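Here is the structure we will look at.
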Amino acid sequence: MWSYMRKRRSNLEIYCRILEVVSGKGLGISHIMREAGLRQYQAESYLDYLVRKNMVARFGSDEVTIYRIREKGKVALEDLELMEKLS
């Protein structure tokens, strides 16, 4: 169907998707954008929030920045997945 008819995702759904994407290994923003279905400014905004909340770690320089899930992010993701199963 047309893209404008897709259901709008909540912030929580987007945060969960980003945590899922970075849970395997450290990834760059391009990969995160593609896997989470976000534009660059959106991905940067969501990742900045997750970094400030210590759920995601940011490594590297201006040229190459890698994002990786932290323990706090893993716990949050597990809790959110459990809540989804219960609903």
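The values are calculated or read from the model by the stated rules, or taken from the named source; none is laboratory data. For clarity, every value in this text was computed on a predicted model and none was experimentally measured. Positions of Cβ are backbone-derived with ideal geometry, glycine not excepted, and every protein chain shown enters the neighbour counts.
Looking at (1) crowded, with 17+ Cβ neighbours inside 10 Å; (2) touching a strand residue (DSSP E or B) at 6+ places or on another chain (Cβ under 8 Å); (3) assigned to a loop (DSSP other than H, G, I, E, B), which is the one condition that is false for Lys25?
Of everything listed in (1) crowded, with 17+ Cβ neighbours inside 10 Å; (2) touching a strand residue (DSSP E or B) at 6+ places or on another chain (Cβ under 8 Å); (3) assigned to a loop (DSSP other than H, G, I, E, B), Lys25 misses just condition (1).
Can you find a residue that is closer than 22 Å to Arg8 by Cβ, out of contact with any Phe, Trp or Tyr (no Cβ under 8 Å at 6 or more places or on another chain) and of a type outside the set (Gly, Ala, Ser) anywhere in the stretch 48-69?
yes
Looking at the stretch 60-87, I want the residues that are closer than 17 Å to Tyr49 by Cβ and surrounded by 16 or more Cβ atoms within 10 Å (Cβ to Cβ) and have a partner that is at pLDDT 85 or above and not hydrophobic (A, V, I, L, M, F, W, C) with Cβ atoms under 7 Å, at least 6 apart or on another chain. Which pairs are those?
Here the result reads Tyr67/Gly26; Tyr67/Arg58; Ile69/Ser23; Arg70/Asn54; Leu77/Glu20; Leu77/Ser23, each pair linking the stretch 60-87 to a residue that is at pLDDT 85 or above and not hydrophobic (A, V, I, L, M, F, W, C).
So which pairs qualify, if the first residue must be in the stretch 22-39 and polar (S, T, N, Q), the second must be modelled with pLDDT of 95 or more, the Cβ gap must be under 7 Å, and the two must be at least 6 apart or on different chains?
Note: pairs meeting the criteria are Ser23/Ile69; Ser23/Lys74.
Output yes when any residue across the stretch 52-62 is in a helix (DSSP H, G or I), modelled with pLDDT of 95 or more and of a type in the set (S, T, N, Q), and no when none is.
No.
Surrounded by 15 or more Cβ atoms within 10 Å (Cβ to Cβ), at negative phi, part of a strand (DSSP E or B) and aromatic (Phe, Trp, Tyr): is that true of Tyr46 in this structure?
So Tyr46 fails the test.
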